[in-house]
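Here the structure is laid out as structure tokens; the discussion comes afterwards.
The values are calculated or read from the model by the stated rules, or taken from the named source; none is laboratory data. Keep in mind it's a predicted model, so treat the numbers as computed, not measured. Positions of Cβ are backbone-derived with ideal geometry, glycine not excepted, and every protein chain shown enters the neighbour counts. Quick note on the areas: whole protein, heavy atoms, side chains included, nothing else; ligands and nucleic acids left out. Shrake-Rupley method; radii C 1.70, N 1.55, O 1.52, S 1.80 Å.
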Amino acid sequence: MDRQTAALFDLTGRTALVTGASSGIGAAIAEALDGAGARVLRAGRDRARLGPDGLSADLARGAADLIAQADARTDTVDILVNCAGTNPRPPLADIDDALYREILAVNLDAPFQLGQHYGPRMAARGWGRIINVASTQAHRAFGNSGVYGVAKAGIAGLTRSQSEAWAPSGVTVNSLTPGLVATPMTTAVLDDPERSEYFRRRAHTGTLGAPSDFAAAAVFLAGPGSAFVTGQNLCVDGGLSVT
């Protein structure tokens, strides 16, 4: 790769904040951004898996504490990746108001709050990248994931609104939509052979996804080469969304 091409993906000198970085897709994205040269602040609930420099984040309580921790570490967050999620999967009729609020708090409210804090600061500097992790459930129903789907539909709208607000100032905002990916959050689905085989058949690749599948997409959306890509949703799903 020549230097000009390599520069399109070079994140040297940039600082990234990645939520949900203790496992799954978030961990893979954090590792990829680090490999591309960024300083990565990893945030998550499992501090032991984040390492000594990780940021503890219980986003069900809001994002204020995480923002305070991150701002104590750095004056500048150039790249924000909202990957933290929760999906308890009870039947919709069994979800009470408290659980409804908790699911929205983690999956939708926290990305909004983090965006409200860092987006204007990125815009003031004239450069920034926000990557929101969405879901196929933003567009179609999935058994026992009703409120999660509501939150992810909100993420799709939030991505467009953030792009409209800050793209004129050099801040691109895009979302990544996984298919069925083997992570701790999808264990309940993968433990059902019939359901997991159904998703394998539906994907054009005939396979399920892996967290590592998101590495290159995240580096692209975080880097200089994606300066004219904003307000978009990139499906990393083996063709599942078009079946």
Flagged pairs (Cβ under 9 angstrom, 6 or more apart or on separate chains; first in region 180-196, free of Cβ contacts under 8 Å to residues at least 40 places away in the same chain; second charged (D, E, K, R)) are 189/89; 189/195
If we take region 138-243, then helices (runs of 4 or more DSSP H) inside it with 3 or more residues that are open to solvent by 30 Å² or more (accessible area, probe 1.4 Å) and small (Gly, Ala, Ser) are 146-166
Residue 140 vs (1) at pLDDT 95 or above; (2) basic (Lys, Arg); (3) over 14 Å from the mean Cα position of the chain (by Cα): all pass except (1)
Screening 77, 40, 81 for residues that are under 17 Å from residue 130 (Cα atoms) and in a loop (DSSP other than H, G, I, E, B) leaves only 77
In the set 28, 48, 57, the lone residue that is of a type in the set (Gly, Ala, Ser) and in contact (Cβ under 8 Å) with a residue 60 or more places away in the chain is 28
When region 110-133 is checked residue by residue, the ones that are free of Cβ contacts under 8 Å to residues at least 60 places away in the same chain, of a type in the set (A, V, I, L, M, F, W, C) and either in contact with a Ser or Thr (Cβ under 7 Å, 6 or more places away or on another chain) or in a helix (DSSP H, G or I) (or both) are 112, 122, 123, 124
> Just a yes or no: is a residue in region 113-129 in contact with a strand residue (DSSP E or B) (Cβ under 9 Å, 6 or more places away or on another chain) and of a type in the set (Ser, Thr, Tyr)?
Replying inline: yes
Take the conditions touching a Phe, Trp or Tyr at 6+ places or on another chain (Cβ under 6 Å) and of a type outside the set (S, T, N, Q) and apply them to residue 219. Does it pass? yes
Restricted to region 1-26 and to residues being surrounded by fewer than 22 Cβ atoms within 10 Å (Cβ to Cβ) and of a type in the set (A, V, I, L, M, F, W, C), the residue farthest from residue 63 (Cα to Cα) is 1
With criteria (1) under 25 Å from residue 176 (Cβ atoms); (2) open to solvent by 40 Å² or more (accessible area, probe 1.4 Å); (3) more than 13 Å from the chain's Cα centre (by Cα), residue 93 comes up short on (1)
- Task: Answer with yes or no whether residue 73 is charged (D, E, K, R), open to solvent by 20 Å² or more (accessible area, probe 1.4 Å) and either touching a His at 6+ places or on another chain (Cβ under 8 Å) or under 19 Å from residue 185 (Cβ atoms) (or both).
- Result: no
